[in-house]
Amino acid sequence: MRLSYNMPALIMHMIQNQALDRQSGNLDRISSGCKINSAADNPTGLVQSENISIQVKSLETVTRNVQDGVSMLQSAEGGLNEITSMVQRVRQLTLQAGDGSFNDEDRQKIQGEIDQMLDGINEMANDTEFNGFKLLGQNKTISMTVGTNAGDDVNIPQIDLTNGSDSVVSDLYKIKTGGGKDVLSGDTDSALSVIDSSLNKIVSLRSKYGALENRFTSSYDNMQELNEKMTDAYSSIRDSDMADEMMNYSKESIVIQASNAMIAQANKLPQDVLQIIQSFRK
């Protein structure tokens with residue numbers, strides 16, 4: 001007589017353990033919402049999803065940079081708009097001063113308003129700031145990163161429009177009283193020439209800022225669209241299909257319950273054999 005293992009019970013126990021392992025994995029994915037909870041789950045998918053995650057986070061950071069760039073340009077544009085209006089008013093006053101019917105007292109009053117306008121231009125240039133950067137108060141360049149790769153930078157120029165020696169419109173302030181080109185001197189043609197030259201520089205700068213703002217806005221829209229597609233790709237790799245996981249979890253539960261019943265049935269086989277042996281002994 002030879003004793004043997006209860007192979008049916010062992011087989012059903014093995015099947016039950018496998019179902020429990022699979023169900024545990026289903027539960028992990030359901031509770032975390034992720035298909036990949038460790039590198040062992042999907043090594044290739046983990047590498048792909050992490051690379052996409054890096055790209056998505058980089059895009060989010062660069063998008064904020066671009067938004068800051070647009071805000072900076074809008075601040076500069078606001079200052080330039082006011083300065084343009086004031087320079088145009090100075091031009092009107094200069095033309096008015098060329099009226100031969102005006103006496104010296106009239107021109108004094110006009111010159112007084114011109115002086116106020118020029119002081120206002122200087123104050124506006126000094127006060128146009130963004131996060132501590134004097135956008136219209138110095139001749140420098142601000143470098144703004146607008147891409148996720150090295151070299152994806154845009155230079156935003158800072159132009160000095162103040163009443164200083166480095167100002168690109170320093171001649172404009174010579175129209176002030178005592179500057180050598182005020183309307184009291186009677187040389188309105190020289191004053192108009194300086195004003196027109198300054199206006200051209202200011203308008204050119206406004207045009208450059210407007211072009212940069214359009215570029216930043218376009219980049220922002222493109223990055224938003226790219227970020228959406230990259231996020232969707234990341235989700236398809238990492239996020240769990242909850243309906244599929246719930247279905248598999250329920251399926252494994254049925255397998256476990258069935259294996260329990262089969263193990264109980266298989267464990268009765270030795271007892272049946274013993275009963276047969278006992279019947280022979282009798």
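Throughout, read-outs are computed from the coordinates displayed, never taken from laboratory work. Computed from a predicted model, the values in this text were never measured in an experiment. No Cβ is skipped: glycine too gets one built from the backbone with ideal geometry, and neighbour counts run over all protein chains shown.
Between Ser193, Asn42, Leu205, whose Cα lies farthest towards the positive end of the dipole of the chain when Lys and Arg beta carbons carry +1 and Asp and Glu beta carbons carry -1, centred on the Cα centre?
Value: Asn42.
With an 8 Å Cα cut-off and a minimum separation of 6 or more residues, compute the relative contact order for the chain in percent.
Working: 316 pairs, mean separation 88.5, N = 282.
Result for the chain is 31 percent.
Any idea how far apart Ser58 and Lys174 come out in nm if each label point goes 7 Å out from Cα toward Cβ?
Each label point is offset 7 Å from its Cα along the Cβ direction, giving 5.1 nm.
How large is the direction-averaged shadow of the alpha-carbon convex hull of the chain, in nm²?
On the way: hull surface 92.6 nm².
Over all viewing directions, the chain projects a mean Cα-hull area of 23.2 nm².
I need the calculated FRET efficiency for the pair Ser190 and Asn103, taking r as the beta carbon distance and R₀ as 25 Å, to the nearest 0.05.
On the way: r = 21 Å, r/R0 = 0.85.
The calculated FRET efficiency here is 0.75.
Taking the Cα centre of the chain as origin, work out the dipole magnitude from +1 charges on Lys and Arg Cβ and -1 charges on Asp and Glu Cβ, in debye rounded to 20.
Details: 25 positive and 38 negative charges, 470 e Å.
Approximately 2260 debye in magnitude.
With a Förster radius of 45 Å, plug the Cβ-Cβ distance of Ile142 and Lys229 into 1/(1 + (r/R0)^6) and report the FRET value to the nearest 0.05. Don't jump to the answer; show the numbers that get you there.
Values: r = 30 Å, r/R0 = 0.67.
Rounded to the nearest 0.05, the efficiency is 0.90.
Which length gain, in nm to one decimal place, applies between Ser253 and Leu27 when the Cα-Cα distance is subtracted from 0.36 nm times their residue separation? Before the final figure, lay out the partial values.
Working: separation 226, 0.36 × 226 = 81.36 nm, distance 1.14 nm.
Working it through step by step, the gained length comes to 80.2 nm.
Of Ile30, Thr128, Ser85, which is farthest on the positive side of the dipole of the chain, counting Cα position, with +1 on Lys and Arg Cβ, -1 on Asp and Glu Cβ, and the Cα centre as origin?
The Cα lying farthest towards the positive end belongs to Ile30.
Taking the Cβ of each residue in Val47, Val70 as the centre, tally the other Cβ atoms inside 10 Å and list the residues starting with the fewest. Present the calculation step by step, with values, prior to reporting the outcome.
Values: Val47 12, Val70 18.
Ranking Val47, Val70 by Cβ neighbours within 10 Å, fewest first, gives Val47, Val70.
Full-extension gain between Met242 and Val47, please, as 0.36 nm times their residue separation minus the C-alpha to C-alpha distance.
Numbers: separation 195, 0.36 × 195 = 70.20 nm, distance 2.25 nm.
67.9 nm is the gain from fully extending Met242 to Val47.
How do Thr128, Thr61, Thr145 line up, fewest other C-beta atoms within 10 Å first?
If I rank by nearby Cβ atoms, fewest first, I get Thr61, Thr145, Thr128.
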